[in-house]
Amino acid sequence: MLYEKPETFRPQRADVLTVTPWLAPIIWDGSFNRNILNAQFHQIEVRVGLTVFAIKKYVMFLQKFIETAEQFFMVGHKVNYYVFTDRVGEIPNFTLAEGRRLVVLEVPAYKRWQDVTMRRMEMIRDFSVKKFVGEVDYLACVDVDMVFLDEVGVEILSNVFGALHPGFFEKQRREFTYERRPRSSAYIPYEKGDFYYAGGYFGGVIEEVVKLTNYCHHAMMADKAQNMEALWHDESYLNKYFLSYKPTKILSPEYIWNNYYGSPAVVKTKRFLGVDKDYQKVRF
Ligand code: 5GW
Ligand code: MN
């Protein structure tokens, strides 16, 4: 394989932070060569699991999600889609490329929508321990109300990773919508915090995903026992986890964009985009 030599005095991106103070890469377009990475991950025959929840009316998002994942997610690698749903009979049939399969996992539908999103932590933990650990090397755990528009490949893979929330990457610490009530187990004081991570995108090796989801689930249960729920639900607990247990890689907001936030110049591509929801239709 031929490619240009890395240049000591020519950073690949000079307009954005591409490494954290704890030396985790932040993945921006133009800062990596996917061909080199693909060769590395083909050598180890990496297997990637993509978990997604399609509970109640959110099954309507699955078709576009899977169709576009077939075009853009981990093309050429082994992929298992793990679809958690309470509506097994409404999951469409998909024709998938070689080396890729879709596994439907039947799970309960919680009544409150907050519980639907928060209980993902517990369910991912439980299936990681009993199933995913023997089937895939890495997991990516994402929202379903999304479509892929550009390549999302092995550049995202690392021991444990999160993504910068598109609404907060330009903001100051004080402006992050962390849980600010000291009684909550998701509490982060105003003078702490690195980034504001998106609740809809995290992953890593199975062992690390178990640690992350187990921590978040226990923190939620501790709050529930004292009748509390963090401001942004699972996202608040994820942010608390990443404060203590720093991610080893961080995805730029290219990986979880929403057009609500426009098109800033530093965002060169929108790889994974939130679908406009008709709230009346999907939520009630
Ligand atoms: C329903 C009403 C309000 C909030 C969430 C839901 C909901 C979420 C649902 O009925 N079914 C479901 O499967 N979910 C899962 O939780 C989806 O995977 C969804 O992508 C994820 C997070 O909920 P979102 O996408 O509505 O949250 P935001 O913050 O992206 O708007
Ligand atoms: Mn979403």
- Query: Does ALA265 meet the test of being small (Gly, Ala, Ser) and either part of a loop (DSSP other than H, G, I, E, B) or closer than 30 Å to GLN12 by Cβ (or both)?
  - Reply: yes
Of those in region 232-262 that are more than 16 Å from ligand 2 (Cβ to nearest atom) and of a type in the set (D, E, K, R), the residue nearest to ARG120 (Cα to Cα) is LYS240
I'd like to know if region 104-126 contains one or more residues that are more than 16 Å from ligand 1 (Cβ to nearest atom), in contact with a Gly (Cβ under 9 Å, 6 or more places away or on another chain) and either under 19 Å from PHE73 (Cβ atoms) or modelled with pLDDT of 95 or more (or both).
no
Review point. Taking ASP150, is it within 16 Å of ligand 2 (Cβ to nearest atom) and farther than 22 Å from TYR241 by Cα?
Key: no
For region 263-276, the count of residues that are surrounded by 14 or more Cβ atoms within 10 Å (Cβ to Cβ) and within 13 Å of ligand 2 (Cβ to nearest atom) equals 4
Given the conditions (1) within 30 Å of ASP278 (Cα to Cα); (2) in contact with a His (Cβ under 9 Å, 6 or more places away or on another chain), every one holds for PHE41 apart from (1)
* To do: Using the structure shown, decide if LEU238 is in a helix (DSSP H, G or I) and more than 30 Å from MET60 (Cβ to Cβ).
  => no
Per the filter on region 114-144, residues farther than 17 Å from ALA219 by Cβ, within 16 Å of ligand 2 (Cβ to nearest atom) and either of a type in the set (D, E, K, R) or surrounded by fewer than 15 Cβ atoms within 10 Å (Cβ to Cβ) (or both) are ASP143
Whether any residue in region 81-88 is surrounded by fewer than 21 Cβ atoms within 10 Å (Cβ to Cβ) and either closer than 25 Å to ASN259 by Cβ or away from ligand 1 (no atom under 16 Å from the Cβ) (or both) is what I want to check. no
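The values are calculated or read from the model by the stated rules, or taken from the named source; none is laboratory data. Everything quoted here is computed from the prediction, not taken from an experiment. Cβ: placed from backbone, ideal geometry, glycine included. Neighbour counts: every protein chain shown.
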